[in-house]
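Below: one structure, written as structure tokens.
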Amino acid sequence: MSTPTAAESTQTETVIAEFQRKIAEFNNLYDSLRAVPDSFLTDHPDLWGERNRVLQSGLNIKRTLADVIPKVELFTQSFADNFNWESVSDYWGGLFDRVTGGDGLGLMPLAWGAIALAVGGASAAMTKWISDAYIVRSKIDAAQKLSRDGFSTTQITDILRTEYGGIKFSYLLAGAAGLLLVLRLTRQ
């Protein structure tokens with residue numbers, strides 16, 4: 001049997017804790033977008049469409065997580081049990097036993113790599129989704145505030161397009177400054 005080192009255990013715990021934090025952030029944001037009243041969004045078809053697009057994408061990620069999370073939990077439990085090889089081998093239908101003749105030695109890096117790929121892929125998808133969802137959430141929050149302040153639906157749409165649509169001049173300046181910095185550093 002292969003026993004994890006202290007460094008492997010610490011690294012695994014850190015990766016899993018970050019993954020769980022990312023899942024919690026994803027779920028909270030997903031739920032907050034679902035909670036936006038449809039009655040408000042019917043007056044803002046652009047926001048309705050954006051919110052539904054992001055929710056559909058989030059639903060696809062939820063399906064992926066439903067597949068990944070049990071594997072991660074099994075792996076972390078195996079780590080806590082000083083890597084219970086039998087439970088991992090049983091879970092994967094004896095695949096590793098067929099490959100190694102039943103001893104399972106030396107395949108811990110393979111198992112860790114498979115879990116790392118699953119966690120990394122799911123984390124990357126969630127990170128991208130969270131970024132997109134925060135933009136949609138901020139648009140909805142701004143529209144709700146403007147609505148409470150008495151702006152009409154047309155005014156709200158115009159304001160949101162000005163604030164969130166197109167390229168702002170400040171972004172162009174920041175991009176130009178960044179480009180100049182890169183050019184200067186590469187010439188040295």
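At-a-glance table
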{"read-out": "Close pairs (7 angstrom Cβ cut-off, 6 or more residues apart or separate chains): within 16 Å of residue 60 (Cβ to Cβ) and touching a residue at least 40 places away in the same chain (Cβ under 8 Å) in the stretch 129-150, of a type in the set (S, T, N, Q) and assigned to a helix (DSSP H, G or I) anywhere", "value": "129/57"}
{"read-out": "Search result, residues across the stretch 1-41 that are in a loop (DSSP other than H, G, I, E, B) and modelled with pLDDT of 90 or more", "value": "35, 36, 37"}
{"read-out": "Whichever residue in the stretch 61-75 is surrounded by 11 or more Cβ atoms within 10 Å (Cβ to Cβ) and without any contact (Cβ under 8 Å) to a residue 40 or more places away in the chain and, among such residues, is nearest to residue 133 (Cα to Cα)", "value": "62"}
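The values are calculated or read from the model by the stated rules, or taken from the named source; none is laboratory data. Small disclaimer: the values here were computed from a predicted structure and weren't measured. Because the Cβ atoms are built from the backbone with ideal geometry, glycine has one as well, and the counts that use them run over all protein chains shown.
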